[in-house]
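The values are calculated or read from the model by the stated rules, or taken from the named source; none is laboratory data. Small disclaimer: the values here were computed from a predicted structure and weren't measured. With ideal geometry, Cβ positions are generated from the backbone for all residues, glycine too; neighbour counts draw on all protein chains shown.
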Amino acid sequence: MNPNKALWEKGDFTEIAAFMRQSGEAVVKSLGITTPLRVLDLGCGDGTTAVPLALLGAEVVGIDIAKNLVDAGNKRAAEAGLNRLTFQEGDACNLQGVSDHSFDLTLSVFGAMFAPKPFDVATEMVRVTRPGGRIVMGNWIPNDPTSFVSQLLKISSSFMPPPPEGFVSPMTWGVDTHIIERFGRAGVPKEKISMVKDTYSFISPDKSPTQVIESFRRFYGPTMNAFEAAQKSGRVEELHNQLLELAKAQNKSTDSGTSIPATFLRVTVRL
């Protein structure tokens, strides 16, 4: 089985997506959507950005490598009566069956960055977006102390065995030189690429930081793998304490809930 598929079908990412809904809506509003618009949401999960896009009147295709998330997305679309929103399985490294220049906007918020072949991802995103269209990515920034997920992934990886030879860290999508190189090889000149830091919040009014970390432990593939590795080395408590300390330190909620802002890099490519 494709290791990336196995990673994202592990657990249940819809439980994590529940903390991301409000920020997903905010990202979509900031895009200045005008219809008619045909959008590809790549690495879409169960529709954190695809559903708000469709509610604004766009025709949206969500593609994700995880079958369980595609099924959950189609269920959400059906329940919301969004008949111009469809979810399907696919790999961001090779968008088989997706025609050239078939989308006005290709969006990927913390999705395509996790695909294992970044140059192929950039090439595919450029290929399926029409000339005059745009690509927008939201990517976590490596080692950013104000990025909750970057720190969570950094802590998690420190409990894991070394990655296989040839592994390219998803966090390299948060580095400007890598972004320029990848889209450059796909034929996009540097001046067509812009990058700004933005903030994405994980919000749960009824869950404490302890409960949020428990959700990551039970449902988020990378954290689940880290706990499995920590179990073998007898370091589960150490991992749990580090993640909990992180969540508590970054939590801005003044009541018993959680509101954790996380810095990310917003990349816009104009074709």
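Which residue is surrounded by the most Cβ atoms within 10 Å (Cβ to Cβ), if the candidates are limited to the range 107-147 and must be among the charged types (D, E, K, R) and not in a strand (DSSP E or B)?
124
In the set 88, 96, only one residue is in a loop (DSSP other than H, G, I, E, B), surrounded by fewer than 24 Cβ atoms within 10 Å (Cβ to Cβ) and of a type outside the set (Ser, Thr, Tyr); that residue is 96.
Yes or no, residue by residue, for (1) within 30 Å of residue 227 (Cα to Cα); (2) under 13 Å from the mean Cα position of the chain (by Cα):
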| site | (1), (2) |
| --- | --- |
| 7 | yes, no |
| 14 | yes, yes |
| 22 | yes, no |
| 29 | no, no |
| 32 | no, no |
| 39 | no, no |
| 54 | no, no |
| 113 | yes, yes |
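Being touching a residue at least 12 places away in the same chain (Cβ under 8 Å), farther than 18 Å from residue 153 by Cβ, buried (at least 16 other Cβ atoms within 10 Å of the Cβ) and of a type in the set (Lys, Arg) is the requirement here; does residue 182 meet it? Here the answer is yes, as residue 182 does meet what is asked. Figure legend. Inter-residue proximity from the range 207-225: first residues aromatic (Phe, Trp, Tyr), second residues modelled with pLDDT under 95, beta-carbon distance below 8 Å, spacing 6+ or different chains. Indicated pairs: 219/11; 220/11.
The residues of the range 90-130 that are among the charged types (D, E, K, R) and either touching a strand residue (DSSP E or B) at 6+ places or on another chain (Cβ under 7 Å) or more than 20 Å from residue 14 (Cα to Cα) (or both), listed by number, are 100, 104, 117, 120, 124, 127, 130. Within the range 148-173, the only residue that satisfies the criterion of being in a helix (DSSP H, G or I) and either among the charged types (D, E, K, R) or at positive phi (or both) is 154.
I'd like to check something: does the range 256-268 contain any residue that is touching a strand residue (DSSP E or B) at 6+ places or on another chain (Cβ under 6 Å), surrounded by fewer than 18 Cβ atoms within 10 Å (Cβ to Cβ), in contact (Cβ under 8 Å) with a residue 24 or more places away in the chain and more than 27 Å from residue 205 (Cα to Cα)? There is at least one residue in the range 256-268 that is touching a strand residue (DSSP E or B) at 6+ places or on another chain (Cβ under 6 Å), surrounded by fewer than 18 Cβ atoms within 10 Å (Cβ to Cβ), in contact (Cβ under 8 Å) with a residue 24 or more places away in the chain and more than 27 Å from residue 205 (Cα to Cα).
Scan 62, 73, 47 and give me the residue that is part of a strand (DSSP E or B), in contact with a Phe, Trp or Tyr (Cβ under 9 Å, 6 or more places away or on another chain) and among the small types (Gly, Ala, Ser).
62
Taking into account only those residues within the range 174-208 that are in a helix (DSSP H, G or I) and either under 17 Å from residue 257 (Cα atoms) or among the small types (Gly, Ala, Ser) (or both), which is farthest from the chain's Cα centre (by Cα)? Give the derivation first.
Residues of the range 174-208 that are in a helix (DSSP H, G or I), as a first pass: 174, 176-185, 190-192.
Those left that are additionally either under 17 Å from residue 257 (Cα atoms) or among the small types (Gly, Ala, Ser) (or both): 174, 184.
On the way: 174: 12, 184: 22 Å.
Within the range 174-208, the match that is farthest from the chain's Cα centre (by Cα) is 184.
Right, residue 231: within 19 Å of residue 7 (Cα to Cα) and outside any strand (DSSP E or B) or not? Quick ask: steps written out before the conclusion?
On the way: within 19 Å of residue 7 (Cα to Cα): yes; outside any strand (DSSP E or B): yes.
Taking the combined requirement at face value, the residue satisfies it.
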